[in-house]
Ligand SMILES: Nc1ncnc2c1ncn2[C@@H]1O[C@H](COP(=O)(O)OP(=O)(O)OP(=O)(O)O)[C@@H](O)[C@H]1O
Ligand SMILES: [Mg+2]
């Protein structure tokens, strides 16, 4: 029985010696497990060590301490030859695509199997199969310089997949692309994950990417994993400050204080924020409270979206009614298990 | 035509056989030492790129030895180098004069410069491409062949052009010390016998030679750029 764990980091540290005296600890006691078939996101600011971490998986970087496993093999103990073999099972794509400018698209895609025992025709056949998969068969005999960024990344994906790898490492694969192209590449990656069952590791600094396709995430801050878990629980209940900051980048619920100042609250009005914190059935809260407590509820900002089929986000609303009605409403809302209620007081939500 | 030529270049016309032989000698020197030093420089250039710190076959000792030798030979003026090499040239070529005697000093004179040129051409290869080669599991020599060399064809042909032009210059210098060729012709007839037309004729032939080299180089370089 194959274990469902594909990649495992055990107490991994990585130190770069910058010169004889100084050294720089880029990864600090990293522990993580990537399950087969999952889409695993690694998020962090520039310089956090994301690239270093992902490169430990295929042995381009060697851990200074600790162990990195790919299936049952300890990557940092493999011989050069064994490492090259294992790299056949680990595809990788980059922010800068890294296509060979002097080779045609077909030659680029064929490069990983150029020195294999496969014949020319078999190679061409596989190349075309991969180009079909990424939707670019007609570009086979052109050169990379004639492609757009999104098309280049598709070719890079085709090249990374030609060896039928078990895992695809994506280092900021969409960071050089516009939002629309990013979406189409993410869609393609998702399709590959679903159709081929290939495990994906996505390194990014954009929370939107994580929100769009990841199953699990690890948040990296200055070489340390500060938080990891499944995407929904992290989105609804982030613990670390950095995670919160990243999540805020994808939420429209963060009403700026300048906007709040423009809302003139009169007596008997209360500004509140409701956020979903669990995936229990969504109930029409606004209509329930307005009927039940005869209160007016004006929505100032609303941002509710579905994340993997579960509600995420919330509403900023002004409750308008007698003090008693407002108190009852708040009590009712606080009794709801799937939402969190914050009340605006002294210039912030508490 | 012949009459016209004899009028413009009277001294060349009267020594036409010698002049033609000089052209052939120059071509022999350029082609033979060019090919050999190209192969040597390519080898040394590759070695110095792969063995440098952080290179795909990093090796401090090999790199340091190559680096120092190249610098040593580059610092010796060519005319002194020829003189210094005479005993070795005699052993290797059997003679230190004539075309045969020039090949060895020409190779030693041009290879260090050529190696540096090849090195800089190979170093233009984007690090991302090298990393990609490693990621897809290429061996170091597959990397050299399929990434470094393949991606540098255009730059290599550019630096080869530059080097060949320098080499043509060196063939004129070896002429002075008994090597024959156009340099020898220009000195013997043009300079020592005050036949200015001989010098001009040499210049014209050398100019044509350099132009041909440059046209071919540019053509290959363009062809290899996509
Ligand atoms: N070969 C190296 N030698 C020395 N320091 C290095 C080396 N590679 C990376 N670093 C340092 O390690 C730190 C983390 O680098 P890394 O590339 O992993 O960050 P990152 O999270 O991928 O950043 P980015 O989002 O900018 O790509 C940086 O401070 C970088 O300067
Ligand atoms: Mg990075």
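Read-outs throughout are calculated quantities, based only on the coordinates presented, and are distinct from any laboratory measurement. Fair warning: this is a prediction, and the values are worked out from it, not measured in the lab. Neighbour counts are summed over all protein chains in view; Cβ atoms, including those assigned to glycine, are modelled from backbone coordinates with ideal geometry.
What is the Cα centroid distance between segment A:1-77 and segment B:7-48, reported in whole angstrom?
For segment A:1-77 versus segment B:7-48, the Cα centre distance is 57 Å.
Once you order the gyration tensor axes a ≥ b ≥ c over the Cα atoms, which shape class does segment A:275-316 get: rounded for a/c under 1.5, otherwise prolate or oblate by comparing a/b with b/c?
Note, shape of segment A:275-316 comes out oblate.
What FRET efficiency, computed as 1/(1 + (r/R0)^6) with R0 = 41 Å and r the Cβ-Cβ distance, is obtained for residue B:60 and residue A:190, rounded to the nearest 0.05?
About 0.30, to the nearest 0.05.
Using only helices, what value at 222 nm comes out for chain A when you add -39,500 (n - 2.57) per DSSP H run of length 4 or more and divide by the total residues, to the nearest 500 deg cm²/dmol? Kindly include the intermediate steps, with their values, before the conclusion.
Numbers: 12 runs with 114 residues, N = 350.
Counting only the DSSP helices, I get -9500 deg cm²/dmol.
How do A:196-203, A:63-70, A:75-82 rank on mean C-beta neighbours within 10 Å, highest first?
Per-residue mean Cβ counts within 10 Å order the peptides as A:196-203, A:63-70, A:75-82.
Which order do the peptides B:26-36, A:294-304, A:34-44 take when ranked by the mean count of other beta-carbon atoms within 10 Å per residue, highest first?
For the peptides B:26-36, A:294-304, A:34-44, the packing ranking is A:34-44, B:26-36, A:294-304.
Determine the relative contact order of segment A:5-249: mean sequence separation of Cα pairs under 8 Å and six or more apart, normalised by residue count, in whole percent. Write out the running numbers ahead of the final one.
On the way: 454 pairs, mean separation 64.5, N = 245.
For segment A:5-249, the relative contact order is 26 percent.
In terms of the Cα gyration tensor, with a ≥ b ≥ c the square roots of its eigenvalues, is segment A:1-63 rounded because a/c is under 1.5, prolate because a/b exceeds b/c, or oblate?
In terms of gyration-tensor shape, prolate.
Among DSSP bridges having both ends in chain A, what percentage is antiparallel? Round to the nearest 5.
In chain A, DSSP labels about 70 percent of beta bridges as antiparallel.
Relative to the compact globular guide of 2.2 N^0.38 Å, what is the alpha carbon radius of gyration of segment B:76-226, as a ratio?
The value comes to 1.33.
If you count, for every residue in A:97-105, the Cβ atoms of partner chains within 10 Å of its Cβ, what is the mean?
On the way: counts 2, 9, 3, 10, 7, 11, 5, 1, 0.
Counting Cβ atoms of other protein chains within 10 Å of each residue's Cβ and averaging gives 5.
Label segment A:257-347 by shape, choosing from rounded, prolate and oblate, from the square roots a ≥ b ≥ c of the eigenvalues of the Cα gyration tensor; if a/c is under 1.5 it is rounded, and otherwise prolate applies when a/b is larger than b/c, oblate when it is not.
Cα axes put segment A:257-347 in the oblate bin.
Using a 10 Å cut-off around each Cβ, can you sort A:92, A:306, A:128, A:100 from fewest to most neighbouring Cβ atoms? The partial results should precede the final answer.
Numbers: A:92 27, A:306 11, A:128 15, A:100 22.
Going from sparsest to densest Cβ surroundings: A:306, A:128, A:100, A:92.
How large is the helix-only mean residue ellipticity at 222 nm for chain B, computed as the sum of -39500 (n - 2.57) over DSSP H runs with n ≥ 4, divided by its residue count, in deg cm²/dmol to the nearest 500? Show your work: numbers first, answer last.
Working: 11 runs with 176 residues, N = 226.
-26000 deg cm²/dmol, from helical runs alone.
Please average, across the residues of A:56-65, the number of beta carbons from any other chain that are within 10 Å of each residue's own beta carbon, and give a whole number.
1
Please identify, among A:245, A:159, A:55, the residue showing maximal mean-square fluctuation in a Gaussian network model of chain A using a 10 angstrom Cα cutoff.
Of A:245, A:159, A:55, the Gaussian network model singles out A:245 as fluctuating most.
Hey, what did segment B:103-205 get for relative contact order, percent, Cα under 8 Å, at least 6 apart?
23 percent
In nanometres, what is the gap between the two model label sites at residue A:18 and residue B:145, each 7 Å from Cα along Cα-to-Cβ?
4.2 nm
Using a Gaussian network model of chain A with C-alpha springs under 10 Å, which one of A:315, A:161, A:265 is most mobile by mean-square fluctuation?
Of A:315, A:161, A:265, the most mobile in the Gaussian network model is A:265.
Under a GNM of chain B (C-alpha, springs under 10 Å), which listed residue has the highest mean-square fluctuation: B:106, B:72, B:39?
Ranking B:106, B:72, B:39 by mean-square fluctuation puts B:72 first.
For peptide B:143-150, how many partner chain Cβ atoms fall within 10 Å of a residue's Cβ, on average?
On the way: counts 0, 0, 1, 6, 4, 0, 1, 6.
Across the residues of B:143-150, the mean count of other-chain Cβ atoms within 10 Å is 2.
For labels at residue A:286 and residue A:115 in the simple 7 Å Cα→Cβ model, what's the distance in nm?
6.3 nm
Can you grab the distance from the C-alpha centre of segment B:170-213 to the C-alpha centre of segment B:67-104, Å, no decimals?
Cα centroid to Cα centroid, the span is 21 Å.
Explain nothing, just the number: relative contact order of segment A:257-347, from Cα pairs under 8 Å at least 6 residues apart, as a whole percent.
Over segment A:257-347, the number comes to 40 percent.
Hey, with R₀ at 25 Å, roughly what FRET efficiency would residue B:166 and residue B:67 work out to, going by the Cβ-Cβ distance, to 0.05?
The formula returns an efficiency of 0.75 here.
With labels modelled as points extended 7 Å from the Cα through the Cβ direction, what inter-label distance (nm, one decimal) is found for residue A:300 paired with residue B:204?
9.1 nm
For the ranges B:204-210, A:227-233, B:112-118, what's the packing order if you count other beta-carbon atoms within 10 Å of each residue, average per peptide, and put the highest first?
Working: B:204-210: 14.9, A:227-233: 17.1, B:112-118: 23.7.
Answer by packing, highest mean first, reads B:112-118, A:227-233, B:204-210.
Going by Cα centres, segment A:241-315 and segment A:82-119 are how many Å apart?
Here the answer is 48 Å between Cα centres.
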